[in-house]
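Reviewing the structure listed below.
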Amino acid sequence: MTVLSKPEAGDLDYDPLDPAVKHEPYPYYVELRRNEPVKWLPGLQAWGVARYDDIDMLLKDGRTFSSGQFWPALLGEYDPVPEEPPMISMDPPGHMQLRRIANKAFVPSKVNGLKDRTYEIANSLIDDILAKHGPEGEFDFAWEFTALYPVTVVAEVLGVPTERRAEFKYWVDDVLSAANRAAYGPEKLRKIEESSKRMRDFFEDLYDERIQNLGDDLLSTFIQTEVDGQKLTRNQVLSMACLLLIGGVETTTNLLGTTLIELNRHRDVFDRVLADHGLIPAVLEEVLRYNPPVQIIFRHTTAEVEIAGTTIPAGAAVMPILASANRDESKFDNPEIFDIDRKIEVPLMSFGQGPHFCLGNYLSRMEAKSALEVVFSRFSLIEPVSDDVHWLDSYFARGPHVLPVRFKVR
Ligand code: HEM
């Protein structure tokens with residue numbers, strides 16, 4: 001593993017594709033907010049936006065900053081349902097119709113109904129780990145726990161067999177890796193294409209099965225619900241299912257992995273949390289602020305627009321850097337410090353803002369809290385074996401690629 005030295009702020013040239021930036025982007029964000037809050041990024045042919053207020057403004061203005069190109073830009077020809085954009089890639093008014101349906105399934109009262117299952121899922125994954133590795137030793141927290149846990153929860157929400165969760169996880173990883181498609185050779189691209197097709201085929205089969213035999217799962221809800229007197233089309237249901245799988249898996253996986261990394265880096269906080277699990281929500285909020293799973297999202301301008309004195313032409317790609325907004329000095333005191341006791345006075349940008357604000361924000365917080373409660377209850381020791389982190393090779397998703405940990409069961 002290559003360990004890169006941490007750059008200092010000052011005269012840093014932000015290029016999201018640079019391995020040093022992907023490893024430790026935060027000093028670059030300081031520099032951007034200070035000196036170049038709107039920056040042309042030639043490697044991505046897009047404008048990066050770094051300050052909180054500018055990002056807040058643009059995410060709330062869906063007419064000037066369209067989401068229409070989000071999915072095509074992210075997945076290209078590897079979108080499992082290219083005929084029908086998912087709601088994350090739609091503008092008003094179409095977006096609102098789908099969002100109203102989906103909201104019903106994600107309100108806190110519904111999500112809380114899953115809480116007991118999240119504890120069971122976390123416990124059963126730990127049973128598997130103990131059965132495989134014995135009462136103490138080492139395992140890869142990133143794969144054996146954090147990767148499998150959210151995919152099992154989302155599978156449960158969608159009403160699909162949890163036995164297929166590992167397969168699901170591979171498809172999601174492959175499809176999401178299409179974001180880096182320009183850098184891949186034919187073999188990797190074939191794999192992405194196959195995973196995209198399998199995901200689609202899986203939901204096609206499930207649709208056929210469910211339409212004959214409706215249940216109280218989410219897919220059945222989408223099949224039955226009417227918007228303005230019209231049912232969702234088959235492709236709209238498929239597109240929604242793929243979006244939930246793609247949006248709900250890697251994000252929560254990365255939140256859990258990064259939380260263990262930040263706790264290991266801040267041992268005083270780790271000790272407090274181990275002694276008092278009631279602090280877990282505060283830890284999660286601070287990790288979401290300080291080192292969030294989604295660093296950057298995508299928009300396109302529908303008209304020429306000025307941000308922080310820079311003119312951006314119509315039809316340009318814009319990348320709000322959410323992770324930079326979360327450390328904006330004008331909104332957060334001592335933003336570069338990890339502090340679970342901080343008073344947060346403005347909404348975090350970690351789940352976006354405006355009409356596309358993350359549908360799964362309540363679910364992911366609940367899931368992550370259950371998972372950490374179980375992990376800290378079952379293990380008397382759980383800590384990364386090394387302080388060096390092998391981060392994902394991505395400029396928009398942040399989390400550990402692997403996370404070997406030492407553990408001891410209670
Ligand atoms: C820590 C975990 C998560 C993070 C950091 C996260 C982050 C985000 C962000 C930044 C957006 C806004 C995208 C935009 O404005 O273009 C978003 C939207 C979305 N997220 Fe999440 N997400 C998480 C978990 C989940 C989960 C668990 C689900 C569902 C199972 C989910 C489903 C969605 C959906 C469907 C949207 C699109 C909403 C819309 O277009 O109206 N997310 N998420």
Which numbered condition in (1) hydrophobic (A, V, I, L, M, F, W, C); (2) within 16 Å of the ligand (Cβ to nearest atom); (3) surrounded by fewer than 18 Cβ atoms within 10 Å (Cβ to Cβ) is the only one that Cys358 fails?
(3)
Which one of the conditions (1) in contact (Cβ under 8 Å) with a residue 60 or more places away in the chain; (2) touching a Leu at 6+ places or on another chain (Cβ under 8 Å) does Thr221 fail to meet, given that it meets all the rest?
(2)
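Taking into account only those residues within segment 204-218 that are without any contact (Cβ under 8 Å) to a residue 60 or more places away in the chain and surrounded by 17 or more Cβ atoms within 10 Å (Cβ to Cβ), which is farthest from Trp71 (Cα to Cα)?
Selected residue: Arg210.
Looking only at segment 389-402, filter to residues that are touching a strand residue (DSSP E or B) at 6+ places or on another chain (Cβ under 6 Å) and assigned to a loop (DSSP other than H, G, I, E, B); which one of those is farthest from the ligand (Cβ to nearest atom)? Talk me through it step by step, then tell me what you get.
So the first thing to find is which residues in segment 389-402 are touching a strand residue (DSSP E or B) at 6+ places or on another chain (Cβ under 6 Å), and the list is 389-390, 392, 396, 401-402.
If we keep only those that are assigned to a loop (DSSP other than H, G, I, E, B) as well, we get 389, 392, 396.
Numbers: Val389: 18, Leu392: 14, Phe396: 10 Å.
Looking at the filtered set, the residue picked out is Val389.
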Quick check: is even one residue across segment 132-144 open to solvent by 60 Å² or more (accessible area, probe 1.4 Å) and among the aromatic types (Phe, Trp, Tyr)?
yes
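Of the residues Val172, Val157, which is open to solvent by less than 20 Å² (accessible area, probe 1.4 Å) and not hydroxyl-bearing (Ser, Thr, Tyr)?
Val172
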Among the helices (runs of 4 or more DSSP H) lying completely within segment 219-334, list those that include at least 2 residues that are open to solvent by 20 Å² or more (accessible area, probe 1.4 Å) and out of contact with any strand residue (DSSP E or B) (no Cβ under 6 Å at 6 or more places or on another chain).
234-265, 267-275, 280-290
Among residues of segment 208-218 being farther than 29 Å from Ser350 by Cβ and in a helix (DSSP H, G or I), the residue farthest from the ligand (Cβ to nearest atom) is Gln212
Exception for Met96 within (1) out of contact with any Phe, Trp or Tyr (no Cβ under 7 Å at 6 or more places or on another chain); (2) within 11 Å of the ligand (Cβ to nearest atom); (3) closer than 12 Å to Met240 by Cβ falls at (3)
Yes or no: segment 367-388 includes at least one residue that is within 20 Å of Leu274 (Cβ to Cβ), open to solvent by 30 Å² or more (accessible area, probe 1.4 Å) and within 16 Å of the ligand (Cβ to nearest atom).
yes
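The values are calculated or read from the model by the stated rules, or taken from the named source; none is laboratory data. Keep in mind that this is a model prediction, so the values were computed, not measured. Ideal geometry is used to build each Cβ from the backbone, glycine not excepted, and the neighbour counts take in all protein chains shown. Please note that ligands, DNA and RNA were not included when accessible areas were found on the heavy atoms of the full protein model with its side chains. Shrake-Rupley method; radii C 1.70, N 1.55, O 1.52, S 1.80 Å.
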